[in-house]
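Worksheet: one structure, shown below.
The values are calculated or read from the model by the stated rules, or taken from the named source; none is laboratory data. Everything numeric in this text was worked out from a predicted model, so none of it was measured. Cβ coordinates were reconstructed from backbone atoms using ideal geometry, including for glycine residues, and neighbour counts include every protein chain displayed.
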Amino acid sequence: MDYKDLANLIFPDAKDISYYEEKYPRRNLKEGAVVTRYAPSPTGVMHVGGLYQGLIAKKIVEQTEGVFFLRIEDTDQKREIENGVMEIVNSLKQFGLEADEGMISDNEEKGDYGPYKQSQRKEIYQSYAKYLIEQGKAYPCFCTPEDVEAIRSKQEAAKIRPGYYGVWAKCRNNTVEEMAEKIKEGKNYIIRFKSPGREDKKIKHKDVIKGNVEFPENDQDIVIIKADGLPTYHFAHAIDDHLMGTTHVIRGDEWLSSVPLHLQLFHELGFKAPKYAHIAPIMKNDNGNKRKLSKRKDPEAAVSYYEEMGIPAEAVNEYLLNIANSNFENWRRANKDKDISEFELQLNKMSVSGALFDMVKLLDVGKTVISKFTAEKVYEETLDWAKRHDEELVKMLSDKEYSLKVFGIERGNKKPRKDISKWSDVKENIEYMYDEQFYSKEQSYEYQVINEKEDIEKILNLYIEKYYDENDEKQEWFDKIKELAGEMGYAKEVKEFKANPEMYKAHVGDVSTVLRVALTARTNTPDMYEIMQVIGKERMAKRFEKAIKEMRH
Ligand code: GLU
């Protein structure tokens, strides 16, 4: 009886690994092309950290004309949730991060290196486990969970490093005959890797993000195939990333300490190891303390939050690049109108300790991003969002032509207005432009400086009767407000007022405020000339009447 016989006894039907090595040939890509993946477990709502990883991976791939694929890591079937894959696929799509290969729904996939769902790759893992057993690099372990627990307690009591290694690895020294016998007796077992490492030796490794790191060698005989026949994360990682041709493993830095094990696995399997880039988690400032963004404490940690709030994907992506590379901000300043695809992301410039996430900043980025959208796009996206979240807003927007004019105010020019940071802001932002909303709500009119009822009434009446003309260009329009101010005995220029404050009760700006407040019931609005153009003289006159009536009350 030798290792080969043992391997045959354990995996009688497993194919020779040459079958898979041929089935998945090395990829034929141009020099420098990065092949990487997003490899989540479908265990629940997608976290913004996952989105961040996906964005980084996709970006690096696009920059190098490589391949980005989506692999579902569902070997821990206890933790799986229904529709978990669809949730991931949809989230990626929503943020423009579709994979080139991999899962495209719960059960469908595309690409030549599949299956891309680990639970469907059982036979592949078993072939490679068999291959290791044949060489004496893996073995069946008959320890029960209780046995393993007992070892652990002993180690703890003796204050010794825990784990299944060296002298503690009871089953590694069984003879082939003993192993075969136990199997034939029907004993339960799992497969462990027989680590050739020594804890007192060090390995040096260069991580693309973290830089040079040094670790003790791995000496743990980790489980590679579990009792259910599925692989552990570590083993699946080595097999999959080898067969799928991954050049760069971009993943969360909770895996950094597993690098010695992973390099060892690649080596013992005879594979070329990929490069590793370990991303630090996204952090949040919590009353002066930096902590990880948490699914439990922070609503903004869930990717679904952005859809609910109506924060456009473009804003989220732009913000995430902001925190990924600190030079992004300068790039953006110098390239205001460029698409983010033109920014060259660099993995080695990513934060080693974790970038800070700040919702206020994200919303600010959102304002700028939205300010560059066309009125048409703002309209479509708002309507789309409203259909899912706000029926009243859908109704408001039913007159598309009019709404495009509303969204067109101070848009499409050199310095577009930045007043919308998310679609859930829109209603409050524009509702005064819609008569139905305007008249159905109680409005309070705060005229500020000019407060005599008679003056206000006179300003409004004179303006409609004598000064406002829809055909005026902006300069003429403004000149007329100045004339009106003059006629009423106010300063026509703010400068004049400041020079001789005792001569005037108010100035042209205060007259404008009266017009603005009567028209919109707000003191702060976008450009009033444009608002008047959109509302038109007739509706304006009606609004002034209402303002006067309410003042007389
Ligand atoms: N399934 C692993 C996780 O979600 C993937 C890690 C990796 O990218 O290799 O953490």
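Assorted remarks:
Residue by residue, here is whether (1) at pLDDT below 95; (2) more than 26 Å from residue 401 (Cβ to Cβ) holds:
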{"position": "478", "(1), (2)": "no, yes"}
{"position": "497", "(1), (2)": "yes, yes"}
{"position": "510", "(1), (2)": "no, yes"}
{"position": "513", "(1), (2)": "no, yes"}
{"position": "531", "(1), (2)": "no, no"}
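- Residue check, residue 196 surrounded by fewer than 16 Cβ atoms within 10 Å (Cβ to Cβ) and closer than 17 Å to residue 225 by Cα: no
- Scanning region 380-406 for residues that are of a type in the set (Ser, Thr, Tyr) and crowded, with 17+ Cβ neighbours inside 10 Å turns up 382, 403.
- Qualifying residues in region 252-272 (those that are within 28 Å of residue 324 (Cβ to Cβ) and away from the ligand (no atom under 15 Å from the Cβ)) - the one surrounded by the fewest Cβ atoms within 10 Å (Cβ to Cβ): 272
Results for (1) of a type outside the set (A, V, I, L, M, F, W, C); (2) assigned to a helix (DSSP H, G or I); (3) in contact with an Asp or Glu (Cβ under 7 Å, 6 or more places away or on another chain), shown as yes or no for each residue.
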| position | (1), (2), (3) |
| --- | --- |
| 364 | yes, yes, no |
| 379 | yes, yes, no |
| 382 | yes, yes, no |
| 385 | no, yes, no |
| 392 | yes, yes, no |
| 407 | no, yes, no |
| 417 | yes, no, yes |
| 428 | yes, yes, no |
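- Filtering 36, 64 for residues that are at pLDDT 95 or above, farther than 30 Å from residue 138 by Cα and hydroxyl-bearing (Ser, Thr, Tyr) leaves a single hit, 64.
- Selection from region 267-316 of residues that are assigned to a strand (DSSP E or B) and in contact (Cβ under 8 Å) with a residue 40 or more places away in the chain: 275, 276, 277, 278, 279, 283, 284, 285, 290, 292, 302
- Selection within region 117-149 - polar (S, T, N, Q), crowded, with 18+ Cβ neighbours inside 10 Å and over 30 Å from residue 62 (Cβ atoms): 126, 127
Residue-wise test of (1) of a type outside the set (D, E, K, R); (2) free of Cβ contacts under 8 Å to residues at least 24 places away in the same chain; (3) within 15 Å of the ligand (Cβ to nearest atom).
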{"site": "180", "(1), (2), (3)": "yes, no, no"}
{"site": "189", "(1), (2), (3)": "yes, no, no"}
{"site": "228", "(1), (2), (3)": "no, no, no"}
{"site": "235", "(1), (2), (3)": "yes, no, yes"}
{"site": "250", "(1), (2), (3)": "yes, no, yes"}
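- Taken over region 86-116, the residue count meeting the criterion of being closer than 20 Å to residue 59 by Cβ, out of contact with any helix residue (DSSP H, G or I) (no Cβ under 9 Å at 6 or more places or on another chain) and either of a type in the set (Phe, Trp, Tyr) or in a loop (DSSP other than H, G, I, E, B) (or both) is 1.
- Considered as a group, the residues in region 76-91 that are more than 13 Å from the ligand (Cβ to nearest atom), more than 22 Å from residue 357 (Cα to Cα) and of a type outside the set (A, V, I, L, M) include one that is surrounded by the most Cβ atoms within 10 Å (Cβ to Cβ), and that residue is 87.
- Restricting region 424-445 to residues that are among the acidic types (Asp, Glu) and surrounded by 11 or more Cβ atoms within 10 Å (Cβ to Cβ), the residue that is nearest to the chain's Cα centre (by Cα): 425
- Given (1) away from the ligand (no atom under 13 Å from the Cβ); (2) of a type in the set (Val, Ile, Thr); (3) crowded, with 21+ Cβ neighbours inside 10 Å, index of the condition residue 209 fails: (3)
- Residue 108 passes every criterion in (1) surrounded by fewer than 22 Cβ atoms within 10 Å (Cβ to Cβ); (2) over 17 Å from the mean Cα position of the chain (by Cα); (3) within 16 Å of the ligand (Cβ to nearest atom) apart from (3).
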